[in-house]
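The values are calculated or read from the model by the stated rules, or taken from the named source; none is laboratory data. A quick note: this is a predicted structure, and the numbers were derived from the prediction, not measured. Cβ sites come from the backbone with ideal geometry, for glycine too, and all protein chains shown count toward neighbours. What goes into the accessible areas is simple: the full protein's heavy atoms, side chains included, and nothing from ligands, DNA or RNA. Shrake-Rupley method; radii C 1.70, N 1.55, O 1.52, S 1.80 Å.
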Amino acid sequence: MELINFKAIFVASFSSLIVGFIWYNPKVFGTIWMNETGMTEEKARQSSMLKVFGLTLVLSFMLAFIMPTFVIHQFGALGMIGGPSEVEKAMPSYLAFLSDYGNVFRTYKHGALHGSMIGLFVALPVIATNCLFEQKSFKYAAITSGYWIIVMTIMGAIICGWK
């Protein structure tokens, strides 16, 4: 059983770009976000889009890479034996456990649930705390947190469900 599916992680990484394309579209939340941040179209055009999108993809890959530990329950059993390098030395009970429970809760729906919970209980508090100290508006906090909650929900679904 494969717990780290690099194809799923790679595909999940792109969810931040796809969701961002929709979420920050002027017809969705883009105009409000620009007003709340003081961003202008002229200022946005001054950015290196290759740098922005390239680094976004790298950072999204980092997030997607850690998501399996949050959305796949079987990672707990793997941790109990010392990690992937110890599978060969694991007691027969470990392999029996994986034989019986290796795909339990490995669904897109379950991954989406865990991904959304990570968004709600990790991304939202981090972003909201920063917004409080930076004196950012509620609208900004809601738009930014909402984006990450959606992205993590999609990442969780892809990573947990794709076996």
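Given +1 at the Cβ of Lys and Arg, -1 at the Cβ of Asp and Glu and no other charges, the dipole of the chain around its Cα centre is 320 debye to the nearest 20. Along the axis of the charge dipole computed for the chain (Cβ charges of +1 for Lys and Arg, -1 for Asp and Glu, origin at the Cα centre), the listed residues LEU57, PRO26, CYS131 are led at the positive end by PRO26. Surface composition of the chain: carbon plus sulfur atoms hold 70% of the accessible area, using a 1.4 angstrom probe and ignoring ligands, DNA and RNA. Distance between the 7 Å Cα→Cβ label points at THR107 and ILE22: 2.2 nm.
Of the peptides 147-157, 46-56, 11-21, the order by per-residue mean of other Cβ atoms within 10 Å, starting with the highest, comes out as 147-157, 11-21, 46-56. Helix 49-71 axis versus longest C-alpha principal axis of the chain: approximately 40°, rounded to the nearest ten.
With all protein chains kept in place, the per residue accessible area of segment 33-163 amounts to 63 square angstrom at a probe of 1.4 angstrom.
For LEU3, LEU124, LEU113, what's the largest-to-smallest order of accessible area, 1.4 Å probe?
Details: LEU3 20, LEU124 70, LEU113 90 Å².
Output order, biggest surface exposure first: LEU113, LEU124, LEU3.
With 0.36 nm allotted per residue and the present C-alpha distance subtracted, the MET117-PHE6 stretch has 37.7 nm of extension available.
Let a ≥ b ≥ c be the square roots of the eigenvalues of the Cα gyration tensor of segment 16-61; is it rounded (a/c under 1.5), or, if not, prolate (a/b larger than b/c) or oblate?
Details: a/c = 2.40, a/b = 1.31, b/c = 1.83.
Judged from the Cα gyration tensor, segment 16-61 comes out oblate (a/c at least 1.5, b/c at or above a/b).
From the alpha carbon centroid of segment 97-158 to that of segment 6-62 is 17 Å.
Cα-based values for segment 35-80, radius of gyration first and Dmax second, are 17.7, 53 Å. Put a dot 7 Å past the Cα of LEU50, heading toward its Cβ, do the same for ILE81, and the two dots end up 4.5 nm apart.
Ratio of Rg to Rh for the chain: 1.08 [Cα atoms; Kirkwood radius as inverse mean 1/r over pairs].
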